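Before any comments, here is the structure.
The values are calculated or read from the model by the stated rules, or taken from the named source; none is laboratory data. Note that the structure is predicted; figures quoted are calculated from it, not measured. Cβ placement follows ideal geometry from the backbone for every residue including glycine, while neighbour counts extend to all protein chains displayed. Accessible surface areas use protein heavy atoms only, side chains included; no ligands, DNA or RNA. Shrake-Rupley method; radii C 1.70, N 1.55, O 1.52, S 1.80 Å.
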Amino acid sequence: MHATRFIHLTGHAVSLVLESNADGPPVWRHFGAKTSNLDDVWPAAAARPLPPAVLDNDPPLTLLPTHGFGWFNQSALVGSRPDNGGDLDWAHDFRQDDMHWDEHALRVTLSDPIAGLGLTLSYALDPDSDVVSTWAEIENRGDTPFRLDWLAAGCVPLTPEMDHVLGFSGRWTLEFQEHREKLGIAAWRRDNRRGRTSHDSFPGVIAGRTLADDDGAVLAAHLGWSGNHTIVIEPLTDGRRQLQIGEWLAPGEVVLQKGECYRTPTAYLSFSTQGLNGLSANFHRFVRQRVLTWPGGRMTPRPVHLNTWEAVYCHHELDDLKSLATAAADVGVERFVLDDGWFHRRDNDRAALGDWWPDARKYPQGLGPLVEHVRHLGMQFGLWVEPEMVNPDSDLYRAHPDWAMHLDGRPLVTGRHQLVLDLANQQVEDYLFEALSALLHAHPIAYLKWDMNRDLASAGHRGRAAYRRQVQACYRLLSRLRASCPTVEIESCASGGGRADYGTLAHMHRVWTSDCNDALTRIGMQRGFMRFFPPEVMGAHIGPAISHTTGRRHEMAFRAAVALFGHLGVEMDVRLLDANERAELVRWITLFKAWRDVAHSGTIYQGTVEPSLAWLQVVAPDLGASLIAVYRLVEDANRYAAPVPVKGLDPARRYRVEILHMPVAPHFTKPSGLLASLADGGVVLSGATLGDFGLPLPPMPPESALVIRCNAVDD
Ligand code: GLA
């Protein structure tokens, strides 16, 4: 009906609609629920009248809004030519050279001949997950250098109804903290300049109105990049907002010479009408199918870890570690990870980083005897490394002080007594590759815990900011190692969860979510983490009764029930457990093994009754089984707790529902009625009943957990 050409990318339940614009980048029309009929849609320019006192050309929000055509909001491209004889070419206006699109992907090439720039934009909508991958690439076609300050990896509109935002903050031992804010007339913005993904500003954001768990429209963005980032949500003059996400660039960090290109990291966008859980389901599917690259092409059942850190810290002694390994195997551990303290003269965190060979005092015959012992017990062997770092007190630094990142004339800033190696220096990359691959080839090491324990302060390479180069070099080193040792899995640790993003996960297989194993604190952190990541990559360990970072004491059941859905591990000296605790730990590990296939392939539903209750449910892909954990955080004023909702089951099927663990509440001796039956052999209920009425909760003391399973009953 109209001459307008709409570009329509379709997903499972999502549509991305743009209006073709012969003069420039396509114009945004819709990113949201799936739409089928565009026949009656009017072109943007004809669909809204021009109000008084505006420019006559009504600049629309395009995929690449820039300042050269009357756009007053943030430009998706900020850059200029400082050496261009006064003509800085800062106000860009791109014309369209070419555009290709099909049902799921769009690629537009643009150029600004006056500014001497070429640009490619790419949006690909994965129909299986409804996640859009987007990036932009710019080329300097002019004769003088082009200094790039900002290029959005993605730019997307939010409808006026999406007036709340869920963002993330954090610090060491308190990662992935969720914050809900009302969007106002000022822009909402998060910048990360710490050089690694950071504890402080996870590169993800979710916008919506109610930000409810299971319903309502929500849109999310994530930058798959382990360095700096910026996320901006800025009001437009028509009630909508634009969301831009991309890499934060330090001044002069990217100066493109003639013919050079800069490609943004990939940003990931998704939308759901099913609230936060709907979004998580999209992201989980996407990470499972498109981001993770497992040795052998498939994830194996996640082996239960024992990580030695909280058991022995740096005090390594061969016989002691062997006995710890034996005790670990006895409780059902499947992978023994030797943490910090094993390498040349590493007695504490003040020295030795960089010297990646075994400490001859602690391991006179090298790592072989311990590796063999562990393997003999039927466990895999894992090893901690922190390759990107060097202690000034190390042989490596003494030999190559110039290998540490520095800016001439500026002070060397240490963090945890360490400096950052300049990975973009080929000699450094080669040294690390040789040192690590020598270890991996010398022993049957199945796993590396790859740590990174400080932010990059004034990251420099020959005077220029080098955050970006550092991330690229780290990815290169990881790729090289994985090519050389393809069976090895790698964990991303950065003082806990300081490096969690899809860029990292393209190279690694697990994230150490936090150094805090306090189960109460973990509930909130894991909730934030699972908004974007599936539970199988979430390192979740059962720590000792008294948390080493908060000092709080928790029952084993609470600690275990909180770790149960993730990639389970044990982070304590299991030899110190008494017989009852040991038996209890064995029971929880056995339960994890029985449910890991479901937890690590299923759909996750999270929910809370603030501030007192939280729950987590996973439903198997075939809807045949579900595991539910309910956590009481604090007491509330109600005498009775409302039933816990049960999500995602097949209404037409019947399930045997059984309480697997019920906490003991003081003064509550005997459950009765339905609760008693659930605790004693279980009850068969239909999926419809469970979905409509939920399940009753017993009185639960603060900081306790209830675990319920539902198994479909075969007819
Ligand atoms: C970091 C990690 C810990 C542990 C220590 C070792 O803090 O997050 O899990 O590996 O380093 O020094």
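Can you classify the chain as rounded, prolate or oblate using the Cα gyration tensor, where a ≥ b ≥ c are the square roots of its eigenvalues, rounded means a/c under 1.5, and otherwise it's prolate if a/b beats b/c and oblate if not?
Details: a/c = 2.22, a/b = 1.20, b/c = 1.84.
Oblate.
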How would Leu117, Leu407 rank on accessible area, largest to smallest, probe 1.4 Å? Leu407, Leu117
I need to check one value: relative contact order of region 2-291, counting alpha carbon pairs closer than 8 Å and at least 6 residues apart, in percent. 18
Binned Cα-Cα distance frequencies in region 516-610 - 5 Å width, integer %: 2, 14, 24, 24, 19, 11, 4, 1
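Going through region 19-72, which chymotrypsin sites (Phe, Trp or Tyr not before Pro) have at most 14 other Cβ atoms within 10 Å and a DSSP loop state? Please report the intermediate quantities before stating the final value.
On the way: sites: Trp28, Phe31, Phe69, Trp71, Phe72; in loops: Trp71, Phe72.
When the chymotrypsin sites (Phe, Trp or Tyr not before Pro) of region 19-72 are filtered for loop state and at most 14 Cβ neighbours within 10 Å, Phe72 remain.
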Where the centre of each part is set by its Cα atoms, how far does region 279-319 sit from region 120-140, in angstrom? 28
Selected from Pro59, Ala76, Asn277, residue furthest toward positive end of dipole (region 2-291; charges at beta carbon): Asn277
Going from most exposed to least, what order do Tyr475, Tyr447 have by accessible area with a 1.4 Å probe? Tyr475, Tyr447
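Which trypsin sites (Lys or Arg not before Pro) in region 392-483 sit in a loop by DSSP (not H, G, I, E or B) and have at most 12 other Cβ atoms within 10 Å of their own Cβ? Show your work: numbers first, answer last.
Working: sites: Arg398, Arg416, Lys449, Arg454, Arg462, Arg464, Arg468, Arg469, Arg476, Arg480, Arg482; in loops: Arg416, Arg454, Arg462.
Sparse-neighbourhood loop trypsin sites (Lys or Arg not before Pro): Arg462.
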Test of understanding: express the Cα radius of gyration of region 360-428 as a ratio to 2.2 N^0.38 Å, with N the residue count. 1.53
Just to check, using Stokes-Einstein with a Kirkwood Rh over alpha carbon pairs, what's the diffusion coefficient of region 2-291 at 37 °C and 0.692 mPa s in µm²/s? 168
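Under the √(5λ) rule applied to the eigenvalues of the Cα gyration tensor, what semi-axes describe the equivalent ellipsoid of region 300-600? Give them in Å, descending. Intermediate results must be reported in sequence, preceding the final value.
Working: eigenvalues 204, 92, 64 Å².
The three semi-axes for region 300-600 are 32, 22, 18 Å.
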Check each of the trypsin sites (Lys or Arg not before Pro) in region 631-691 and keep only those in coil by DSSP with at most 12 other C-beta atoms within 10 angstrom; list them in order. Arg639
For a protection proxy built on the mean count of beta-carbon atoms within 10 angstrom, sort 597-606, 379-388, 41-50 highest first, please. 379-388, 597-606, 41-50
So what is the calculated 222 nm ellipticity per residue for the chain, using -39500 (n - 2.57) for each DSSP H run with n of 4 or more, over all residues, to the nearest 500 deg cm²/dmol? -6000 deg cm²/dmol
Per residue, how much space in cubic angstrom lies within the convex hull of the C-alpha atoms of region 1-64? 97
When the Cα centres of region 407-422 and region 554-625 are compared, how far apart do they sit, in Å? 41
Dipole of region 605-712 [Lys/Arg +1, Asp/Glu -1 at C-beta], most positive-end residue of Val646, His661, Ser686: Ser686
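At a Förster radius of 41 Å, what calculated FRET efficiency corresponds to the Cβ-Cβ distance of Ala13 and Ser672, to the nearest 0.05? Don't skip to the end; give the middle numbers.
Values: r = 43 Å, r/R0 = 1.05.
The computed FRET efficiency comes out at 0.40.
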If you average over every viewing direction, what projected area does the convex hull of the Cα atoms of region 302-366 give, in nm²? 4.7
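Looking at the square roots a ≥ b ≥ c of the eigenvalues of the Cα gyration tensor of region 459-526, which shape do they give, rounded for a/c under 1.5, prolate if a/b is larger than b/c, or oblate? Working shown, then result.
Details: a/c = 3.25, a/b = 1.42, b/c = 2.29.
Taking the square roots of the gyration eigenvalues as a ≥ b ≥ c, region 459-526 is oblate.
Could you pull out every whole DSSP H run in the chain that spans at least 24 Å of Cα extent along its own axis and averages -1.0 or higher on the Kyte-Doolittle scale? Working shown, then result.
Details: long enough: 467-484 (26 Å, -0.67); 579-599 (30 Å, -0.16).
Result, helices passing both filters: 467-484, 579-599.
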Assuming 0.692 mPa s and 37 °C, estimate D for region 328-377 with Stokes-Einstein, Rh taken as the Kirkwood radius over Cα pairs, in µm²/s. 272
Hey, with R₀ at 35 Å, roughly what FRET efficiency would Ile546 and Ala594 work out to, going by the Cβ-Cβ distance, to 0.05? 0.75
Name the shape class, rounded, prolate or oblate, that the alpha-carbon gyration tensor gives for region 576-620, where a ≥ b ≥ c are the square roots of its eigenvalues, rounded holds for a/c under 1.5, and otherwise prolate holds if a/b is larger than b/c and oblate otherwise. oblate
Stokes-Einstein diffusion coefficient for region 70-192 at 37 °C in a medium of 0.692 mPa s, Rh from the Kirkwood formula over Cα pairs: what value in µm²/s? 188
Return the Cα extents of region 153-269 along principal axes one, two and three, sorted largest first, each rounded to a whole Å. 47, 40, 24
extent check for region 605-712: Cα max minus min per principal axis, descending, whole Å, gives 37, 27, 19
Binned at 10 Å from 0, what are the whole-percent values of the Cα-Cα distance distribution for region 23-142, short to long? 11, 37, 34, 16, 3, 0
Which of the pairs Lys182/Lys647; Lys593/Lys647; Lys593/Lys670 have their Cα atoms more than 26 Å apart in this structure? Lys182/Lys647; Lys593/Lys670
Could you grab the relative contact order for the chain? Cα pairs under 8 Å, six or more apart, rounded to a whole percent. 10
